[in-house]
Amino acid sequence: MLRSALTLSLVTDKKLEITNIRARRSRPGLRPQHLKAVEAAAAIGLIACLPAAVLVVGGLLQSDWSAPAVRSALERTLFNPDLVGFRVLIHPATILSGLLLAAGLNLIPLLRIGLERRPGTLVGTLALRIRSAHLGVAVVALGLLGVILGYGFTENFKVVPTHVSVKVSGWQIERDLLMAVCEEAQCGQR
């Protein structure tokens, strides 16, 4: 009952007050495991960030500047498409849903949003409460999400010039310049 009440209080941002909890027990009051239920949101969020962290760190280690032995080990283990870990752990649905879950679970306790109607107007408030464990996990989750989305954007959306105009007499110069720019951007090699 207490864990359910704490979860609902966390999600709805309603104050929870329970009196005489476990009063008839031999050891009344809250026990350490009850506090663990509150801290579980940060732990679950941190665990949900692990696939994305593995992908980002593995990608950095597999880059051109890393040692060949490290790249070879990563290709045999983490980035091997024949292994189940690659298909499940590195799947985009696993990574993105884990990051969104981690951010969501840890932003809810941090943000307090309120609307209040005053005569003639509606006032909205947004308050940020500093809870270091939740804030740390939320920052890690959003940072990893930003790195992955930024990488995906830069890898898949390249600016390719389609036309270059030069004011010089003769159409041959314009055509040659366009072909040179296109060759440099590798227009036809997709």
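Condition check for Ala43 on (1) more than 20 Å from Leu111 (Cβ to Cβ); (2) modelled with pLDDT of 75 or more; (3) under 25 Å from the mean Cα position of the chain (by Cα): one failure, at (1). Is it the case that some residue within region 131-147 is under 23 Å from the mean Cα position of the chain (by Cα), assigned to a loop (DSSP other than H, G, I, E, B) and assigned by TED's automatic domain parsing to the domain that holds Ala53? Within region 131-147, one or more residues are under 23 Å from the mean Cα position of the chain (by Cα), assigned to a loop (DSSP other than H, G, I, E, B) and assigned by TED's automatic domain parsing to the domain that holds Ala53.
Residues are listed down the side, and each one gets a yes or a no for (1) of a type outside the set (Val, Ile, Thr); (2) free of Cβ contacts under 8 Å to residues at least 40 places away in the same chain:
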| position | (1), (2) |
| --- | --- |
| Ala42 | yes, no |
| Val57 | no, yes |
| Leu60 | yes, yes |
| Asp64 | yes, yes |
| Arg71 | yes, yes |
| Leu78 | yes, yes |
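Within region 84-105, if we keep just the residues that are among the aliphatic types (A, V, I, L, M) and surrounded by 16 or more Cβ atoms within 10 Å (Cβ to Cβ), the residue that is farthest from Leu149 (Cα to Cα) turns out to be Leu105.
The values are calculated or read from the model by the stated rules, or taken from the named source; none is laboratory data. Being a predicted model, the structure only gives us computed values, none of them experimental. Positions of Cβ are generated from backbone atoms using ideal geometry, with glycine treated the same way; all protein chains shown enter the neighbour counts.
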